[in-house]
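The structure appears right after this line, and notes come after that.
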Amino acid sequence: MKIIVLNCGSSSIKYQLFDLPSKEVLAKGLVDKIGLKGSLIKHARNDGSEVKLEGEILDHQIGIEYLLGILISEKYGSIKSLDEIQAVGHRVVHAGEKFNGSVYITPEVVAALEECIDLAPLHNPPNLKGIYSITKLLPEIPQVGVFDTAFHQTMPDYVYLYGIPYSLYEKYKIRRYGFHGSSHRYVSQRAAEMLGKKLDELKIITCHLGNGASIAAIKNGKSLDTSMGMTPIEGLMMGTRTGDLDIGAFIQIMNKEEIDINTANTLVNKHSGMLGVSGVSSDMRDVEHAAADGNERAKVTLEMYYYRIRKYIGAYAAAMGGVDVIVFTGGVGENDSITRYLTTKDMEFMGIQFDQAKNEGLRGKEAILSKDDSRVKVMVIPTNEELVIALDTFEIVNSLK
């Protein structure tokens, strides 16, 4: 079964064409700068050939039309006809409390996702544009939605509720939801496979560290807790997001700076985190270089970053009554050996025996980074959210037959 996976952002579309059940990626690419000057498509086939095509791409539907045309083109394509496409899987960021797993997309599901726009005003609208576009362009093709929040729907109420009047939860569903669910789910399952253990017998802490970052406590295969909240702002300090912030401090900033809620939202989402503290960049590599050159703000930024990761690891070990496995993933988690080392060193009291020789220089590969006799295993596992979406789509579409 050939399945297209779409991840639609506000001005971009990431896509992959899978062949299931072999899990082969036939092609992948990026439609970038939608509705902006310099629109283009970067496309790569599994034979290693790559192409960059520039042109005016006014909206998501046109972008999807273009990528479908590339997939069947004689020069750049991987399939002969759109008839070969048997399903489309969509990444959808926020499903609120409506779905605790991936679903076949129906008009009722679309309506439910539209009701969740208030919960993710930056993410859900472009996600929905992908669904609308496929419905118009390939109306007979089944579509599946895979939600960032779904994996964390197993969190108990005492974990997801905020200490606010309960009526606000009842009226507006103000609560913690968590994100990066497909990533946390994938790497926890893969960790169990690599260790030859049953997932439902393990206590795993998964650290998805990238420009956006979150940590999850996964007990017996289910998400018990995760660092992000109702929005992706809560939790770890990230590239441009504050992470945990005292609401009183937030109110004080708004008052002193005399800014409205929209400006304040931009402040905590786009101008804070590593960028805001360091004044250098939101990119870990740039901040590390600046720190190495003696930049004091860059140094304290890194110390803040490492400390918060360590704090959450310790908290989640306590919440689960122990930990068996710690997994690093995401752009930073997979590629930055310094971060992995500094967030797990001197933690022998937790049963972690980290092996720096295994860690040093390791980038983008699956590996066990702890010593052989370490009670707690430390691992790095490159995430594959697109594969999770493709596999869920494959399973759901087959169940409809």
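A compact table of results
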item	result
Net length gained if the chain between Lys23 and Asp157 were fully extended (0.36 nm per residue, minus Cα distance)	44.6 nm
Cα gyration tensor shape of the chain, rounded if a/c is under 1.5, else prolate or oblate by comparing a/b with b/c	rounded
The chain - percent of accessible surface contributed by carbon and sulfur, probe 1.4 Å	51
Gyration tensor (alpha-carbon) shape descriptor, the range 11-59, a/c threshold 1.5	oblate
Sequence-distant residues sharing a close amide H with Leu26 (under 5 Å, placed H)	Leu17, Phe18, Asp19
C-alpha center-to-center spacing [the range 345-401, the range 28-49] in angstrom	29
Whole-percent pair-distance distribution, where bins are 10 Å wide, for the alpha carbons of the range 343-395	23, 37, 21, 17, 1
Extension reserve of the Leu400-Tyr132 stretch, reckoned as 0.36 nm per residue once the Cα distance is removed	94.4 nm
Backbone HN-Hα couplings from phi across the range 334-347 [Karplus 6.51/-1.76/1.60, Hz, Gly and Pro as x]	7, 10, 9, 5, 5, 4, 4, 5, 6, 8, 10, 6, 6, 10
Under the Karplus curve 6.51 cos²θ - 1.76 cosθ + 1.60, θ = phi - 60°, whole-Hz ³J(HN,Hα) for the range 238-246, x wherever Gly or Pro sits	10, x, 10, 9, 5, x, 3, 8, 4
Nearest-0.05 FRET efficiency for Glu366 and Glu97, computed from C-beta distance (R0 25 Å)	0.15
Entries in Lys197/Lys377; Lys23/Lys219; Lys28/Lys75; Lys28/Lys52; Lys33/Lys129 that, when Cα-Cα distance is taken, lie over 20 Å	Lys23/Lys219
Among Pro21, Pro107, Pro232, residue whose mean-square fluctuation peaks in a GNM of the chain (springs only between Cα atoms under 10 Å)	Pro107
Percentage relative contact order, the chain, counting C-alpha pairs under 8 Å, at least six apart	14
Sites matching trypsin sites (Lys or Arg not before Pro) across the range 79-120 that sit in DSSP coil, with at most 16 neighbouring C-beta atoms within 10 Å	Lys80
The range 255-370, relative contact order [Cα under 8 Å, separation at least 6], %	15
Stretch gain in nm, segment His289-Thr106, where the contour uses 0.36 nm per residue and the Cα spacing is subtracted	61.0 nm
Protection proxy ranking, peptides 340-346, 223-229, average beta carbon neighbours within 10 Å, highest first	223-229, 340-346
For the range 1-135, alpha-carbon Rg over 2.2 N^0.38 Å	1.06
Mean Cβ count within 10 Å, highest first, over the residues of peptides 112-120, 381-389	381-389, 112-120
Sites Glu257 and Leu40, calculated FRET efficiency, Cβ-Cβ separation with R0 41 Å, nearest 0.05	0.65
Spin-label pair Tyr166/Asp47, simplified geometry with 7 Å Cα→Cβ offset, distance in nm	6.4
Interchain or long-range residues, amide H under 5 Å from Ser11's placed H	none
Nearest-ten-degree value, helix 181-195 long axis tilted from longest Cα axis of the chain	70
For Lys371, distant residues with modelled amide H under 5 Å away	Gln353, Phe354, Asp355
Ranked packing of 141-152, 158-169, 287-298, most packed first, by mean Cβ within 10 Å	141-152, 287-298, 158-169
Mean projected area (nm²) of the alpha-carbon convex hull when the range 70-137 is viewed from all directions	5.5
Rounded to 5, percent antiparallel among DSSP beta bridges of the range 262-387	40
Vicinal HN-Hα couplings computed from phi for the range 109-121 (Karplus, 6.51 cos²θ - 1.76 cosθ + 1.60; Hz; Gly/Pro x)	5, 4, 4, 5, 5, 5, 5, 8, 4, 4, 6, 9, x
Accessible area (Å², per residue) of the chain, counting only protein heavy atoms and a probe of 1.4 Å	47
For the chain, share of DSSP beta bridges that run antiparallel, in % to the nearest 5	70
Estimated FRET transfer efficiency when R0 is 30 angstrom, pair Asp373-Glu193 (beta carbons, to 0.05)	0.85
Inter-label distance for Asp83 and Ala318, nm, one decimal - labels placed 7 Å from Cα along Cα-to-Cβ	6.3
Neighbour net charge for Ala87 - beta-carbon separation under 15 angstrom, K R +1, D E -1	-3
Cα→Cβ-extended label distance, 7 Å offset, between Asp355 and Ser11, nm	4.6
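The values are calculated or read from the model by the stated rules, or taken from the named source; none is laboratory data. What you are looking at is a predicted structure, and each value in this text was computed from that prediction instead of being measured. Quick reminder, even Gly has a Cβ in these numbers, built from the backbone with ideal geometry, and neighbours come from all protein chains shown. These accessible areas exclude ligands, DNA and RNA; they are computed on the full protein's heavy atoms, side chains included. Shrake-Rupley method; radii C 1.70, N 1.55, O 1.52, S 1.80 Å.
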